[in-house]
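Take this structure, written in structure tokens, and hold onto it; I'll ask about it next.
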């Protein structure tokens, strides 16, 4: 281990006095490693490079032939490296660039925002010098977190956590003012949409509808005015009312459709990368294309440089005439996509039905989606309660 910085030389000895020579090396404190016989009168071993010049004096009087067959260790590697200045200078520059980049922020992740606008958070972060490529200094994260918590209205608490090149902004939103108000003011739960009630859970107040009832937007579902025996009192109604709501969308039938198809034309695409950075990438002559048969080739075993090769296959836009059944299927698919886009993300789709009708002389696909969702909204009285 102590000889590793100086390196090692690998010697090959041929002759009839090998044992006597090895004994002299051992008696003089020269460590012999990886000794192996390579012939009837020849051996090969490794010894410290800084003791090599003692070999000639220890060989005196012995009929041996000694030659160097290899060198190992950082000293010899460094000597080879010094003969290739472009390589070691490039490695040094790359190392310095990595050190410079690792001390800065390259990714800002914002979590927990529903009512808070992420763009507002990023703008306020910039005022504290926290943006892509910036290098935060001192207690700037604590100062910025306190300032953002005070200046963003809908945020109850904001925390900043930096890990490597990533800055994570954790936002805990405050309770909406409407919810705070209904906790102290008598209120009803009213319908926000037309639908058929599928489930109702009353936490406070008195239910005005039952499962299976058809309700209209604005109708009272849970009243804040509660009648019990001969007494009547008011409260802030609370509960969950789910209903089946209909969503409908249309799409006219078309005689043709534009499709992206692949031609027989191909071109090679090559990309030169150094570590995670792309230095150069060739571009095919096609406006549209897809890549296939991708492979990566390492340029050097000691330097993170790679060439990525791929095949670009040309894609063109062509118009194809549709049959009647294909036109109906495509129109129903488009209408279904439009109808599903109207359904809230937290709703559950119960069923979907599609048909083709003639409207104003044009065949049109109509798709109706039934979704179950929460339709109750708390509003202050009075609402006929």
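For segment 32-55, how many residues are assigned to a loop (DSSP other than H, G, I, E, B) and within 17 Å of residue 68 (Cβ to Cβ)? Please lay out each step first, then the result.
Taking segment 32-55 and keeping what is assigned to a loop (DSSP other than H, G, I, E, B), we get 32, 40-41.
Applying the additional criterion that residues be within 17 Å of residue 68 (Cβ to Cβ) yields 32.
Here the count works out to 1.
Moving on to the next point. With (1) within 26 Å of residue 340 (Cβ to Cβ); (2) at pLDDT 90 or above as the list, and residue 222 as the residue in question, which single condition is left unmet?
Every listed condition holds for residue 222 apart from (1).
For the condition under 30 Å from residue 303 (Cβ atoms) and under 27 Å from the mean Cα position of the chain (by Cα), what is the one hit in 132, 110, 158?
Being under 30 Å from residue 303 (Cβ atoms) and under 27 Å from the mean Cα position of the chain (by Cα) holds for just one of 132, 110, 158, which is 132.
Got a sec? Which strands (runs of 3 or more DSSP E) wholly within segment 258-322 have at least 3 residues that are modelled with pLDDT of 90 or more and farther than 30 Å from residue 85 by Cα?
305-321
Can I ask one more? Given the conditions (1) in the same structural domain as residue 121 (by TED's automatic domain parsing); (2) touching a helix residue (DSSP H, G or I) at 6+ places or on another chain (Cβ under 7 Å), which single one is not true for residue 249?
(1)
Consider segment 148-200. How many of its residues are surrounded by fewer than 20 Cβ atoms within 10 Å (Cβ to Cβ), under 19 Å from residue 238 (Cα atoms) and at pLDDT below 90?
Within segment 148-200, residues that are surrounded by fewer than 20 Cβ atoms within 10 Å (Cβ to Cβ), under 19 Å from residue 238 (Cα atoms) and at pLDDT below 90 number 11.
Please tell me if residue 65 is touching a strand residue (DSSP E or B) at 6+ places or on another chain (Cβ under 8 Å) and assigned by TED's automatic domain parsing to the domain that holds residue 41. Lay out the reasoning, then the answer.
On the way: touching a strand residue (DSSP E or B) at 6+ places or on another chain (Cβ under 8 Å): yes; assigned by TED's automatic domain parsing to the domain that holds residue 41: yes.
In short, yes.
Of the residues 33, 54, 14, only one is touching a strand residue (DSSP E or B) at 6+ places or on another chain (Cβ under 6 Å), modelled with pLDDT under 90 and at negative phi; which?
33
The values are calculated or read from the model by the stated rules, or taken from the named source; none is laboratory data. Everything numeric here is computed off the predicted structure, so don't read it as measured data. A quick note on method: Cβ atoms are made from the backbone with ideal geometry, for glycine too, and the neighbour counts reach across all protein chains shown.
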